[in-house]
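> Below you will find the structure I want to go over with you.
The values are calculated or read from the model by the stated rules, or taken from the named source; none is laboratory data. Everything quoted here is computed from the prediction, not taken from an experiment. All Cβ positions, glycine included, derive from the backbone under ideal geometry; neighbour counts span all protein chains shown. All accessible areas refer to the heavy atoms of the entire protein, side chains included, with ligands and DNA or RNA removed. Shrake-Rupley method; radii C 1.70, N 1.55, O 1.52, S 1.80 Å.
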Amino acid sequence: MRLPARLLTCTLLLMWPLFGSCRPSQTSGQPGLVLMEHFSRSWVGFNWRNVTCPLCKAVFTILDIALLSDANEERVAHAVGEACIRLHLADELVCREITELFRDDFIRALQESLLWPTEACALLVGPSCGKFDIYAPWNITLPKTPKPPVIPPSLPKPGSPRSRILFLTDIHWDQEYQAGSAADCKDPLCCRKDTGFPSWRRREAGYWGTYSKCDLPLRTVENLLKNVAKAGPWDWVYWTGDIPAHNVWSQTRKQQLSELTVISRLIRKHLGPNVTVYPAVGNHESTPVNSFPPPFVHGNRSSTWLYNTMAEEWSAWLPEQALKTLRYGGFYTVEIQPGLRVVSLNMNFCARENFWLMVNSTDPANQLQWLLHILQASEDKGEKVHIIGHIPPGLCLGSWSWNYYHIVNRYESTIAGQFFGHTHLDEFQMFYDEEKMTRPLGVAFIAPSATTYVNLNPGYRVYYVDGNYKGSSRLVLDHETYILNLTVANHSPGAPLSPDPNPKWTLLYRATEAYGLSSLFPSDYHGLIQTFINEDRVFQKFWYLRFKGHVSEPCKETCKTTLLCFLKSGRYDELEQCDLLNGFGGSLAQAARKTLC
C-alpha cells in the first residue's frame, strides 16, 4: 500500500531541523523560499495542487487508520527514511539516523494530535479542501486591574548606579570538532572528525573556530569564559541556552545531559560562586531537537529527564521555588534585587518546530497565564521585571506571539527589559502600542551567538542597565558586543600557520557610540529605524555589526526592506503584514521562520 502524501509530509517535518537550522544569509537577494515550496518546485517535481481533494483525504484517512496499529509504525518510519534518501534531502546515513531518532516521539505526537485529514489537505492542497486551524487562535485572560498611567522614561541622573550584566547565548559546543578537518561538507555540520580533510588549506577547520557551518571546540568556549571572568566584575549573568552542536541527527539524551553538565560547571568554575547566573532553556537542549512536550505528557516521552538535570546543575544559582517550576515546565521567576525580578520563559512552547504542539498549542503549560500572574504581582509591589528567553517572540506561533505582545502592552511600565538569542545575529525587534501601532513601548534585544554557525565570529554581549537604587527604571542604557576575530586568532603574529595561543576578545562596538544615541530606550530604537531608512550609511553599519564584523557584501533594496520589516515586528502577524504590504507574497515571514535554529 502506497501512502505518499503523509509520508512525504512526515519526511519534511522530520528533516526540518536539518534544513531549518540557523543559517543567516549574507546575500542581498530575495528572502529564501519556504521548505514546502522548494520541495514542490525542485526536489521531486511534485505539486500538491495536482492532487484532488478526495484523493488527499482518502490517503490521510488510510494513514491515520494505519497508525492506530503499533505494528505499522516500523513500516511508516522505514518509508520516511527511504523518502528522505530518494529525495536527496540529506546523506543516507543522516536520513537513517534522524528518522530513527525522531520516529517514536513524532509518531506518538501525530497519533495524539488534532490533525484531521481535512486539515492536512487544506495545508497541502489548498483552502478549498478544508480549513487548517491546528494552531487555532486563543486568548489569555488579563487581570481586571486597570493599566496604570504610562510615564515616559527619562535618563538617570549623572553618577547613578548602573548594573553590568553579562549575556551568553548559543554556545553550541561540538565535541567532534577537529582542527584541520574539512570546513565544507555535505552534512548539515562540518569541521568534524568524520567530515574528512580538505584538498586545499584555506578551507580547513581553524584551531579556534571556522567561518563555515561549524560550531565551537571546547577550548574556544573555555577561552571565552576565562576572558569574561577577567573582564568582570559582573552584577549577574543571563544565559539563554542552546548548548549542544547542530549534529541534530545523531544526538542522545546521555550526550545532551553530559554537555549541559559540562558547560554549566565550566560557567560556575570560571565566573566563581559569587556571580549568579539566570539560565533559559534553548531549543537544542532536548533530543530530538525542538521536542518539548507540554507537562500533560508523562512518562518517558516527557521532558522530565532534561528539566530534572537542569534543576540539579542550576541549584547553586536558583532558589527552590524557581527549581519547582523549572522541573514542571522549564520556566521560573526569581527576585534578583529588591525592586527587580527576572522571568525566564521556555520559548519552546511557542515554536512552530515543536511538533508536540500539534497536540495542543493553546498556552502550553499555562506559561503565559503564569507570566500574567507574576507581572500583576510585580506591578502591585512596584517591581520592575526583566524577561529572558531563547526564541524571540516575533518568531513564535501567531497566537502565542499575539498574546505575548498583548501582555507587553498591558505591563509596559513593569517590563523593563526583554532579552533573547537564537538567531545567532546582533539585532532587535520592536513593540508598539496596540491601538495605533505608532508609539514605541518595548524592545526585544537579540544578542549574537558564541558559536560561529554560520560564517560568524564568536561573540558575547554586555548590557548596562539602570542600577540598584530607589526609583530606578531598570531599563537598558547601553550595550557592548565583544568578538574573537578568527582571522587574527587562527594565525599567530610572526607564525601565520600557527594559531595564537592567547587570542584576544575585543570590543566590536558600543551601541550608543556606534549610532549616536543617548540611551537605548524604545523611542531611541524607533528613531534608529527611521535613521536606517533615511541614511543608508548607518544601516550598512548595522548590517556589518549584525554579523559580528564578518559579512561579505552590503544589504540593498529587497534585503534592506526585509530586515527593516523584521526589526519592526515584535509580533509575528506584523511581520506577515509587513511582508504582504511590500509585495513578498509570504516569503519573508516564511524565511524568517527558517532562521529558527
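> What's the number of the only condition in (1) open to solvent by 80 Å² or more (accessible area, probe 1.4 Å); (2) in contact with a helix residue (DSSP H, G or I) (Cβ under 7 Å, 6 or more places away or on another chain) that Pro143 fails to meet?
Failed condition: (1).
> Also, I was wondering about something else. Just checking, how many residues over the stretch 165-222 are polar (S, T, N, Q) and under 24 Å from the mean Cα position of the chain (by Cα)?
5
> Follow-up question, since we're still on this one. If you check Asn403, Asn409, Asn348, which single one turns out to be in contact with an Asp or Glu (Cβ under 8 Å, 6 or more places away or on another chain), buried (at least 22 other Cβ atoms within 10 Å of the Cβ), at pLDDT 95 or above and assigned to a helix (DSSP H, G or I)?
Answer to the selection: Asn403.
> OK, next. Out of the helices (runs of 4 or more DSSP H) lying entirely within the stretch 456-539, which hold 1 or more residues that are within 25 Å of Asp235 (Cα to Cα) and open to solvent by 10 Å² or more (accessible area, probe 1.4 Å)?
511-515, 522-534
> Would you be able to say whether some residue in the stretch 296-314 is in contact with a strand residue (DSSP E or B) (Cβ under 9 Å, 6 or more places away or on another chain) and of a type in the set (A, V, I, L, M)?
Looking through the stretch 296-314, at least one residue is in contact with a strand residue (DSSP E or B) (Cβ under 9 Å, 6 or more places away or on another chain) and of a type in the set (A, V, I, L, M).
> Under 6 Å by Cβ, and 6 or more places apart or on different chains, what pairs join a residue from the stretch 174-197 that is open to solvent by less than 10 Å² (accessible area, probe 1.4 Å) with one that is part of a loop (DSSP other than H, G, I, E, B) and of a type in the set (A, V, I, L, M)?
Listed by first residue and then by second, the contacts come to Asp174/Ala245; Ser181/Ala205; Ala183/Ala205; Cys190/Ala183; Cys191/Ala183; Cys191/Ala205.
> Identify, by number, the condition in (1) at pLDDT below 70; (2) under 30 Å from Trp249 (Cβ atoms); (3) surrounded by fewer than 16 Cβ atoms within 10 Å (Cβ to Cβ) that Gly126 doesn't meet.
(2)
> Just wondering, is there one or more residues in the stretch 323-330 that are touching a residue at least 12 places away in the same chain (Cβ under 8 Å), touching an Asp or Glu at 6+ places or on another chain (Cβ under 7 Å) and either open to solvent by 10 Å² or more (accessible area, probe 1.4 Å) or β-branched (Val, Ile, Thr) (or both)?
There is no residue in the stretch 323-330 that is touching a residue at least 12 places away in the same chain (Cβ under 8 Å), touching an Asp or Glu at 6+ places or on another chain (Cβ under 7 Å) and either open to solvent by 10 Å² or more (accessible area, probe 1.4 Å) or β-branched (Val, Ile, Thr) (or both).
> Among the residues of the stretch 415-428, count how many are farther than 20 Å from Asn283 by Cα and of a type outside the set (A, V, I, L, M).
Looking only at that region, the number is 1.
> Follow-up. For a quick check of your reading of the model, give me the residue pairs whose first member lies in the stretch 253-282 and is open to solvent by less than 20 Å² (accessible area, probe 1.4 Å), whose second is part of a loop (DSSP other than H, G, I, E, B) and of a type in the set (Ser, Thr, Tyr), with beta-carbon atoms closer than 6 Å and at least 6 apart or on different chains.
Between residues of the stretch 253-282 that are open to solvent by less than 20 Å² (accessible area, probe 1.4 Å) and residues that are part of a loop (DSSP other than H, G, I, E, B) and of a type in the set (Ser, Thr, Tyr), the close pairs are Gln256/Thr287; Ala280/Thr240.
> Can you tell me which residue within the stretch 378-395, out of those that are assigned to a loop (DSSP other than H, G, I, E, B) and out of contact with any His (no Cβ under 8 Å at 6 or more places or on another chain), is surrounded by the fewest Cβ atoms within 10 Å (Cβ to Cβ)?
That would be Gly382.
> A further question follows. Pull out all pairs, ordered by first then second residue, where Cβ-Cβ is under 9 Å, the residues are six or more apart or on different chains, the first lies in the stretch 467-490 and is farther than 16 Å from Ser449 by Cβ and among the basic types (Lys, Arg), and the second is part of a loop (DSSP other than H, G, I, E, B) and open to solvent by 60 Å² or more (accessible area, probe 1.4 Å).
Here the result reads Arg474/Asn468, each pair linking the stretch 467-490 to a residue that is part of a loop (DSSP other than H, G, I, E, B) and open to solvent by 60 Å² or more (accessible area, probe 1.4 Å).
> Looking at (1) modelled with pLDDT under 95; (2) part of a helix (DSSP H, G or I), which is the only condition Gly570 fails?
With (1) modelled with pLDDT under 95; (2) part of a helix (DSSP H, G or I) applied to Gly570, the lone miss is (2).
> Can you name the condition, by its number, that Leu368 falls short on among (1) open to solvent by 10 Å² or more (accessible area, probe 1.4 Å); (2) at pLDDT 95 or above; (3) of a type in the set (A, V, I, L, M, F, W, C)?
Checking Leu368 against (1) open to solvent by 10 Å² or more (accessible area, probe 1.4 Å); (2) at pLDDT 95 or above; (3) of a type in the set (A, V, I, L, M, F, W, C), the one that fails is (1).
> Quick one: count up the residues across the stretch 226-252 that are of a type in the set (Val, Ile, Thr) and open to solvent by 10 Å² or more (accessible area, probe 1.4 Å).
Number of matching residues: 1.
> I've got another one for you. Looking only at the stretch 192-204, how many residues end up being assigned to a loop (DSSP other than H, G, I, E, B) and in contact with a strand residue (DSSP E or B) (Cβ under 7 Å, 6 or more places away or on another chain)? Even if it seems obvious, please write down each step before you answer.
To start, the set of residues in the stretch 192-204 that are assigned to a loop (DSSP other than H, G, I, E, B) comprises 196-200.
Going one step further and asking which of them are in contact with a strand residue (DSSP E or B) (Cβ under 7 Å, 6 or more places away or on another chain), we end up with 196-198.
Selection size over the stretch 192-204: 3.
> Applying the selection to the stretch 381-403, what residues are in contact (Cβ under 8 Å) with a residue 24 or more places away in the chain and either under 21 Å from Gly339 (Cα atoms) or β-branched (Val, Ile, Thr) (or both)?
Initially, the stretch 381-403 is screened for residues in contact (Cβ under 8 Å) with a residue 24 or more places away in the chain, giving 382-403.
Result: Gly382, Glu383, Lys384, Val385, His386, Ile387, Ile388, Gly389, Ile391.
> Okay, moving on. If I ask for residues that are assigned to a helix (DSSP H, G or I) and closer than 13 Å to Thr261 by Cα, which ones from the stretch 306-327 would you list?
Hits for the stretch 306-327 are Leu306, Tyr307, Asn308, Thr309, Met310, Ala311, Glu312, Glu313.
> Within the stretch 219-240, can you find the residues that are in a loop (DSSP other than H, G, I, E, B) and at pLDDT 95 or above? If you could, list the steps in order and put the result at the bottom.
Kept after step one, since they are in a loop (DSSP other than H, G, I, E, B), are these residues of the stretch 219-240: 231-235, 240.
Listed by number, the residues that qualify are Ala231, Pro233, Trp234, Asp235, Thr240.
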